[in-house]
Amino acid sequence: MGRYFRRKAMIYAVTFVVAVTLSWLIPRLMPGDPISSMVARQGGVQQAESFRAMEEYYNRVFGFDLPLWRQYLNYWGELFQGNFGISVFAFPKPVGELITAALPYSIGLLLPAILLSWYVGNKLGAAAARRRSLDNTVLPLSYLLTATPYVWMAILLSWALGVVWGAFPTAFGYDQTLVPQWSWMFVGSVLSHWFLPFLSLFLVLVGGWAIGMRNLVIYELETDYANYLYALGAPNRLVRRYAFRNSLLPQLTGLALQLGVIVAGNIVTEVVFAYPGLGYLILQAIQRSDFFLLQGVLLFVVIGVLIANFLIDIAYVIVDPRTRTGLQGGTQ
């Protein structure tokens, strides 16, 4: 297992280097000049004589006056020191400060949506595989949910439950008239603003997991070991339990493969609801050509996906005895 994890760690390390390079390069390929936009917002256009001086000053501050290869090496050097740079549009706030403020919102939205949808979807799919009457309802509904784009689901829920019904707020992470503090009123406001973004992610995700588990359980119930257990007189409950446990393994692999798509859906959902997470920060960084903020947020997203995939790899080895047997055979 040590050899297996060392090989995995090497793969993830190479992936991390490539991802960091792309997160540094992509913002610089975007159209627009962040320094010119920044000076214009500060009134540099009205004072043409000072415009060039201010532009040169900020180019030196942000290091844009250096060659690209030097900027790239400086970025790695600052990264190893935990410095993600200074935000252009929120100057002089550090990028790390902005990300730290937005990260809890994204984690609080993603983790419950991923874990609950995976659990509920697997339970629904397994139940649908055992009962035809339930299957006739769950399967069409699951296909409808999983085919729904994240942005469309977010807009639909915002209109139906927020605008028409008026039961939930449709924007921001909490009531803007409140001061963030540990109080029941503020916590209740955070939860009410959290519900619609969470529900939009949950509904789209749960359909895919239900379809996958339903098909896997039906396949497992028709395998040789299931027929053999039936021939021995094993109760249906026992056979179905084995089929469910074996079907969970491909679902665990699917969770690792879908993490990037789920994170992308979370970004779109945050933009629709103006939810103050990493997705909304990405939108602000793109609109204002903030290279440092965009590359910092992309880096955090990449790191989060890599860590989650590595944890799923570990969990797969733990829950699947066949994997451990294969690893032992490969080291002999």
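Within the range 120-150, list the trypsin sites (Lys or Arg not before Pro) lying in a DSSP loop whose Cβ has at most 15 other Cβ atoms in a 10 Å radius. Can you show the working numbers first?
On the way: sites: K123, R130, R131, R132; in loops: R131.
Sparse-neighbourhood loop trypsin sites (Lys or Arg not before Pro): R131.
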Self-check item: Computed [θ] at 222 nm, deg cm²/dmol, the chain (DSSP H ≥ 4; -39,500 (n - 2.57); rounded to nearest 500)
Solution: -26500 deg cm²/dmol
Quiz item: Given C-alpha coordinates of the range 110-173, what is the ratio Rg to Rh with the Kirkwood estimate of Rh?
Solution: 1.07
Exercise. Over all directions, average the projected area of the Cα convex hull of the chain and note it in nm².
Key: 23.5
Quiz item: Spin-label point model (7 Å from Cα, Cβ direction): what's the Y119 to A53 distance in nm?
Solution: 6.3
Exercise. Quick one: which residues, 5+ away or cross-chain, put their amide H under 5 Å from the amide H of I86? H built at 1.01 Å from N.
Key: V95
Quiz prompt | Packing-based order for 290-301, 67-78, using average beta carbon neighbours within 10 Å, highest first | solution = 290-301, 67-78
Quiz prompt | Nitroxide proxy distance, nm - points 7 Å out along Cα→Cβ at V319 and A274 | solution = 4.0
Quiz item: Of the GluC sites (Glu not before Pro) in the range 189-280, which ones lie in a loop per DSSP and count no more than 15 other C-beta atoms within 10 Å?
Solution: E222
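Helix by helix, which DSSP H runs in the chain go 15 Å or more along their axis at the Cα atoms and have an average Kyte-Doolittle hydropathy of 0.5 or more? Write out the running numbers ahead of the final one.
Values: long enough: 2-29 (40 Å, 0.73); 48-62 (22 Å, -0.74); 68-80 (18 Å, -0.43); 95-130 (51 Å, 1.08); 132-146 (20 Å, 0.39); 184-221 (50 Å, 1.39); 236-272 (47 Å, 0.64); 291-319 (42 Å, 2.51); 321-331 (16 Å, -1.24).
TM-like helix candidates: 2-29, 95-130, 184-221, 236-272, 291-319.
Determine the relative contact order of the chain: mean sequence separation of Cα pairs under 8 Å and six or more apart, normalised by residue count, in whole percent. Intermediate results must be reported in sequence, preceding the final value.
Values: 350 pairs, mean separation 86.8, N = 332.
Over the chain, the number comes to 26 percent.
Read the figures in this text as sums done on the coordinates, not as results from a lab. Quantities reported herein were computed from a predicted structural model and do not represent experimental measurements. Heads up, the Cβs are rebuilt from the backbone with ideal geometry, glycines too, and the neighbour counts pull from every protein chain shown.
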